1. Test of understanding: among A:67, A:106, A:48, A:82, which residue is closer than 23 Å to residue A:162 by Cβ and in contact with a Gly (Cβ under 8 Å, 6 or more places away or on another chain)?
2. What number goes with the only condition from (1) assigned to a strand (DSSP E or B); (2) over 21 Å from residue A:175 (Cα atoms); (3) within 8 Å of chain B (Cβ to nearest Cβ) that residue A:6 does not pass?
3. When you look at residue B:134, is it without any contact (Cβ under 8 Å) to a residue 60 or more places away in the chain and either of a type outside the set (Lys, Arg) or closer than 23 Å to residue B:66 by Cβ (or both), yes or no?
4. Considering segment A:230-249 alone, what residues qualify as being at pLDDT below 90 and closer than 24 Å to residue A:58 by Cβ?
5. Would you check if there is a residue in segment A:32-44 being over 20 Å from residue A:201 (Cβ atoms), touching a strand residue (DSSP E or B) at 6+ places or on another chain (Cβ under 6 Å) and crowded, with 20+ Cβ neighbours inside 10 Å?
6. Do you know which of the residues in segment A:176-209 that are under 10 Å from the mean Cα position of the chain (by Cα) and in contact (Cβ under 8 Å) with a residue 60 or more places away in the chain is farthest from residue A:164 (Cα to Cα)?
7. Go through B:106, B:72, B:45 for me and flag whichever is touching a Pro at 6+ places or on another chain (Cβ under 9 Å) and either under 30 Å from residue A:125 (Cβ atoms) or modelled with pLDDT of 85 or more (or both).
Amino acid sequence: MPGSIIRVEHLSKTYLSKERKKGNRKKKLVQALDDVSLAINDGETFGLLGPNGAGKTTLIKCLTTLLLPSSGGAWINGYDVLRQEDMVRASIGCMLMGDRGLYWKLTGRENLDYFGALYHVPREVRVKRIEDLVTLLKLGDFIDRTVETYSAGQRMILAFAKALINDAPILILDEPTVTMDVPTARELRHIVKELNRQGKTILYTTHLMHEAEELCNRVAIIDHGKIIDLGTTAALKASISTEDVVELEGIFPEATVGRMRAVPGIRDVTVTPMDSGITKLNVACENSRMMLPRIIDAVTGNGATIQSIKPKEVTLEDVFIAKTGRTLSVDTQVLGEREARPRGG
Amino acid sequence: MTHRSSENGRRVLAAAETVGRGLGLGRPGLRASADVVWTVFVARLKIISRYKGAILLESFLPVFFAALPILLGTAVAGSEQNAANNFFQNTSSAGQGTSQYRLYMLLGSSTFMVVSLMLWLIGYWVRREQETGTLESIYLAPAKRLHILAGVTSYSLVRSLSAFLVAMVIGSLLFGVNPFDGNLLASIGYLVLGIPALWGLSFIFGALIMRVKEANSVIQLIQWVVPFFMGVYFPVTMFPPLMRIVAMTFPPTLMNDAMRSSLLNISSLYGPGYIVLGLMFMAAWITPLLGYEFFGLMERRIRRNEGVGQY
């Protein structure tokens, strides 16, 4: 049983935010983190999920010593975040603000060399490490150009290389695939998995559920500064899986839907019209395996045509909806309008 | 007391219960710290060298700053000789009689250029790093802030000294003055001795900019207030008593006066040479300490609230 390499106990963070409304300036106390406790095991990839403004970035900023918590404590790699700041920083490779945090008038190589020095990596080791990163992340085409000439994706991948320059045991990645194209993002996720396989502990924040499902051993769902739930992706999904859903696509006359609703064991049928006259039916039932023949019986005939039929799996998005009562995208929008917090939460 | 020690004990225990996996490739130590200073210094030089002509252009500024009062003085007095006589008469009554008003102005404006560049480069560095996000990247790294600041201040020192020397050469040729008539070496020595105090002031200036998140208005203000209190074009003894005291406790005024007295062979406003030297050593020791302490204080205050990254 591995021990925890990151430990957070009753961490809270409040700060004063200035609000301007109709010429009046008001100071408002914002509770960005509320009594957060969690432990991240050595060698695991841990996901922090939540909409913008949920508190993900604030938590990471407290862990990386950028912010001082209002109360509570955190320990990383055997060091106290409040009292051994330099050792905590030396323990972490961090990609926090996407492609920001790079010097645009320096080349990619000069940027890596600069930050390598700031992480106390000896010069001769740094040169070798930069070459390794150029190969690993395929930076060869642009590493010797000034960053101002890079595309957004190239800047992101350089920022990722910067996080790896000190080869720290802990890697903190805050929404690393934002602005990356699909193949580059896939490549980055592949590298993250490989780094984890080599023994690095990875704290990964995202609002993309498929990323979390693909990468993380365990995830914590954070909302309004509180950890709402924490566990393995399978356990979280199982915790809300009280019924099975079978998804059908095809052409279904209205009478068919009515007939299905009357079948004993079927709890609900939701109808979603799609393109070209195709309709999607989500059939909620107690036991999909047992019910499947009865569902097909109820649908066939009367001009109905089934194009596909499959059990619908519970996703982390469903878990988020079940725990918070909102979808991730809608919540992000509402929260952004309601309360302006620091970037990314 | 007991509560505090039990809290300390609990924190130490919690740290010990967390797995430790070393520091990767990082090797902190004296060599690594020196490497930070050098790397930051070189990076700043590389960045400015990629803005074509920046250093050369700023070297011309003091010449223009000096030309303004020189030409104004000549215009008001009617001729250069009259201007020189008037200047001698007025500065004599202030205890610093000299007729070399062109060198007086050139030295004053070149020294102000050094002061301005030192303050401006640090203040603007903080603001620019805040805006581009690199300040947060720096704060994520284990390098000590003092070492990073040392790299940046070394760069600003090299840049401002180069500007000073180039301005003095160009200005001397244009205004027909010979700085070698006075003790140029001692003057430069006073300039170097005055630099640590300027570092201290620049730390205070940088911290204020980090806090108020605005550089331009502060820089605009400083462009006028600092030369005024330094007595760039006149001896500060011309001020009313209270203002004179304020001006004379300002370290750049001391530096300017010390340089001026050695280059123009006139007496210092502060007294004999050993007093000037003593005061300069004191300023070189106390101001950086105060400045760094103020920077740290402001930094902690910001981290307690919204963090350095918010701009």
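1. Working: A:106 fails: in contact with a Gly (Cβ under 8 Å, 6 or more places away or on another chain); A:48 fails: in contact with a Gly (Cβ under 8 Å, 6 or more places away or on another chain); A:82 fails: closer than 23 Å to residue A:162 by Cβ.
Sole residue among the options that is closer than 23 Å to residue A:162 by Cβ and in contact with a Gly (Cβ under 8 Å, 6 or more places away or on another chain): A:67.
2. (2)
3. Spelling it out, residue B:134 is indeed without any contact (Cβ under 8 Å) to a residue 60 or more places away in the chain and either of a type outside the set (Lys, Arg) or closer than 23 Å to residue B:66 by Cβ (or both).
4. Kept after step one, since they are at pLDDT below 90, are these residues of segment A:230-249: A:233-249.
Answer for segment A:230-249, where residues must be at pLDDT below 90 and closer than 24 Å to residue A:58 by Cβ: A:233, A:236.
5. Going through segment A:32-44, the residues over 20 Å from residue A:201 (Cβ atoms) turn out to be A:32-35.
Narrowing the set further to residues that are touching a strand residue (DSSP E or B) at 6+ places or on another chain (Cβ under 6 Å) leaves A:32-35.
Imposing the further condition that a residue be crowded, with 20+ Cβ neighbours inside 10 Å reduces the set to A:32-33.
Checking segment A:32-44: at least one residue is over 20 Å from residue A:201 (Cβ atoms), touching a strand residue (DSSP E or B) at 6+ places or on another chain (Cβ under 6 Å) and crowded, with 20+ Cβ neighbours inside 10 Å.
6. Only one residue fits best here, namely A:209.
7. On the way: B:72 fails: touching a Pro at 6+ places or on another chain (Cβ under 9 Å); B:45 fails: touching a Pro at 6+ places or on another chain (Cβ under 9 Å).
On inspection, the qualifying residue turns out to be B:106.
Yes/no matrix, rows are residues, columns are (1) on the phi > 0 side of the Ramachandran plot; (2) more than 7 Å from every other protein chain (Cβ to nearest Cβ); (3) not hydrophobic (A, V, I, L, M, F, W, C):
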residue	(1), (2), (3)
B:111	no, yes, yes
B:127	no, yes, yes
B:135	no, yes, no
B:138	no, no, no
B:146	no, yes, no
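The values are calculated or read from the model by the stated rules, or taken from the named source; none is laboratory data. Just so it is clear, the structure is predicted and the values come from calculations on it, not from any experiment. Glycine also receives a Cβ, built like all others from the backbone with ideal geometry; neighbour counts cover every protein chain displayed.
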